[in-house]
Amino acid sequence: MRSGVHLRLPATTANLGPGFDAVALALQLYLDVGAEAAPEFRIEASGRSPEICGAPENNLLLETYRGILREQERPVIPLSLRMHNEIPLGMGCGSSAAVRLAGVAMASHFGELAWNRDRILVEACRLESHPDNAAACWMGGFVVSVLDQEEVKAVSMAPPADWSAVLVLPGRPLATTASRGLLPESYGRATVVANLQRVGLLTAAFATGRGDLLTVAMEDQVHQPYRSEVCPLLGQLLPLAGQSGILGVALSGAGPAVLLLVSSRGGAAEAQRVVARAVREPAEILLCGLEAQPAVSESEDPLLSVGR
């Protein structure tokens, strides 16, 4: 019987304004999952949303794990899972990507599929339908990615060590499908060009540590103007870009959370105070670092294992 496995997967924030479905950034908030073969499925959950993470029914991790094994015509081995979750659910912080990666990795391990990390990422991106969050979660850092047929083309770069993040979470989650439904089917040339210019500038800013470019580089015309009607925090916080050490402001993924990148970890506390004065509705404000390292997998499987 296969030995157990432990996974540590970071939260992610996608798009960063103009990089729609193309760029994402790993954050120092984690989903920790330990799994062992067992006579029946059991889940012990702690941290954020334990009632959802620990539910045996409608559980995305278990659905992913079972689905992969059935697709590959392998027996579904029951697991005893121990989970600790720090990632906000339904907020645009990459929770589904982290869970799907965990499910695929466990299916590969316990189903003896012998998938390497590249194949695990491809399968998770296929289930997600876009590569941004999954690639950043699996690889760490600031990641630019493309899902090209059956391959994920992705490049990760470590963000500047002194940059940090502030996440502002409203009281209610928002389904990504609902947020995507607000977007138009087509865009004018000027809109597309403006976003292309800014996503290029955004990538260059991360590559060179040019925080002074982020106020402009994180501007967007493709999705944020349409999502702002269901993500009111965005309109309240966008004016803070360029002030009090806040380098740039954008929706976190599809929202409703808002991401603020700040110039230093010490400055994050001041940014938190500025944000608290600006928001006009109940909201949770989280400070977190940027994760430069890949997701950790600890097991006896050399194809899967990555440690720190």
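The values are calculated or read from the model by the stated rules, or taken from the named source; none is laboratory data. The structure displayed is predicted, hence computed values, not measured ones. Every residue, glycine as well, gets a Cβ built from its backbone with ideal geometry; the counts of neighbours run over all protein chains shown. These accessible areas exclude ligands, DNA and RNA; they are computed on the full protein's heavy atoms, side chains included. Shrake-Rupley method; radii C 1.70, N 1.55, O 1.52, S 1.80 Å.
Across the stretch 233-243, computed HN-Hα scalar couplings (Karplus, 6.51 cos²θ - 1.76 cosθ + 1.60, θ = phi - 60°) run 4, 4, x, 6, 9, 3, x, 7, 4, x, 10 Hz from first to last residue, x flagging Gly and Pro. In this structure the amide hydrogen of A295, modeled in the peptide plane, comes within under 5 Å of the amide hydrogens of M139, G140, none closer than 5 places in sequence on its chain. Using θ = phi - 60° in the Karplus curve 6.51 cos²θ - 1.76 cosθ + 1.60, the 3J(HN,Hα) couplings for the stretch 94-107 round to x, 5, 5, 5, 4, 5, 5, 4, 4, x, 5, 4, 5, 4 Hz; x is entered for Gly and Pro.
Between V262 and S164, A165, V166, L247, the built amide H atoms are under 5 Å apart, and every one of these is 5 or more places off in sequence or on another chain.
Under a 5 Å amide H cut-off, with hydrogens placed 1.01 Å from N, Y30 pairs with A11, E86, I87 among residues at least 5 apart or on other chains. When the chain is treated as a Gaussian network with alpha carbon springs shorter than 10 Å, the biggest mean-square fluctuation among A190, A22, A178 belongs to A190. Per-residue packing, averaged as other Cβ atoms within 10 Å, sorts the ranges 228-236, 158-166, 136-144 into the order 136-144, 158-166, 228-236, beginning with the highest.
Across the chain, Cα-Cα pairs farther apart than 26 Å form 43% of the total.
Between the stretch 34-100 and the stretch 150-178, the alpha-carbon centres lie 21 Å apart. Farthest towards the positive end of the charge dipole of the chain, among the residues V275, A165, H223, is the Cα of V275, using unit charges on the Cβ of Lys, Arg, Asp and Glu.
Assuming a ≥ b ≥ c are the square roots of the Cα gyration tensor eigenvalues, decide whether the stretch 10-169 counts as rounded (a/c under 1.5), prolate (otherwise, with a/b larger than b/c) or oblate. Here the stretch 10-169 falls in the oblate category.
Computed over protein heavy atoms with a 1.4 Å probe, the carbon and sulfur contribution to the accessible area of the chain reaches 51%.
One chain, two ends: D148 and V192. Fully extended at 0.36 nm per residue, the span grows by 13.8 nm beyond their Cα-Cα distance.
Remark: the stretch 51-64, residue by residue, has Karplus-estimated 3J(HN,Hα) of 5, 8, 4, x, 6, x, 9, 6, 9, 4, 5, 5, 4, 5 Hz, where x stands for each Gly or Pro and the curve is 6.51 cos²θ - 1.76 cosθ + 1.60 at θ = phi - 60°. With helices as the sole contributors, the chain gives -10000 deg cm²/dmol at 222 nm; each DSSP H run of n ≥ 4 counts as -39500 (n - 2.57), and the sum is divided by every residue. Solvent-accessible area per residue in the stretch 1-136 equals 37 Å², computed with a 1.4 angstrom probe and all protein chains kept. Averaged per residue, the stretch 145-266 has 47 square angstrom of accessible surface, using a 1.4 angstrom probe with ligands and nucleic acids left out.
Short-range pairs are left out: with C-alpha atoms under 8 Å and at least six residues apart, the relative contact order of the stretch 204-279 is 27 percent.
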